[in-house]
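Data block below; observations after.
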Amino acid sequence: MFAGFLATPVLPHALDNTQVKDSNDDPRFALLKLFFEERDSPARAHVQDFILAADRNELDWRLLPSISVVESGGGKEYKNNNILGWGSCLEKFPSVKAGIHAVARRLSTSKLYKHKGVEGILRTYNSNADYPSRVKRVMYTISPSLTPVVLLRD
C-alpha cells in the first residue's frame, strides 16, 4: 500500500456500461462467486466488475479479488468505497465499482506497476515482506490456475 500511496493519485475514469458477455459460459464467474459466497463476502456483488477490470487491463483475474480479501475481508471492512486498500485506504472513490476499475487501470498503466508480473505488482503494492504470499494464497484458493478447467458432469 505504501508504494500505491506514493503513486500519482487515482482519478476514477468514466465507466461505460459494457458488460462481460456470456458470463454463464465463463467458469471464472462461477468460481469467484462461489469463493465470495462461501466467505459471506459483500464483494460477491462485484464479481463481474473484478473480471471485467482484469480483462480490460490484462491482469490475472484472481488478483484484484484476492487483494480485496487481504485488504478488506472481501468488502467486509473498508472506507471511502476502497475495498482494495489503495493509497493506504485513504483514496476515495465514488463507488466500489469505480475503485475496482481505477486500481486495475493503475496497475496496468502506472510506471510503478506496468510490465510487472503478479509478484512484482504485489511487492510494489505493499512493501510488507509477507504480502505477496498472502495474496497469492488467496489467488490459489480461488483457482489453482489462471485458466480454470471446466469439469464435465455425467
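We did not get these values from a lab; they are worked out from the coordinates using the rules stated. Bear in mind that the values here come from a model prediction, so they are computed numbers and not experimental data. Note that each Cβ is placed from the backbone with ideal geometry, even for glycine, and that neighbours are counted across all protein chains shown.
In table form, for the structure just shown:
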| quantity | calculated |
| --- | --- |
| Neighbourhood charge, 11 Å Cβ-Cβ cut-off, centred on L84 and excluding it, Lys, Arg +1 and Asp, Glu -1 | -1 |
| Alpha carbon convex hull of region 39-101, volume per residue in cubic angstrom | 72 Å³ |
| Which of V135, V96, V103, V118 has the fewest Cβ neighbours within 10 Å, and the rest in rising order | V118, V96, V135, V103 |
| Listed residue pairs exceeding 26 Å between alpha carbons, taken from K33/K79; K76/K116; K116/K136; K111/K136; K76/K97 | K76/K116 |
| Label-point separation in nm, E37 to T141, each point 7 Å along Cα→Cβ | 1.8 nm |
| Residues in region 56-80 that a label on N128 would reach, taking backbone N under 13 Å of a point 7 Å out along Cα→Cβ | 67-73 |
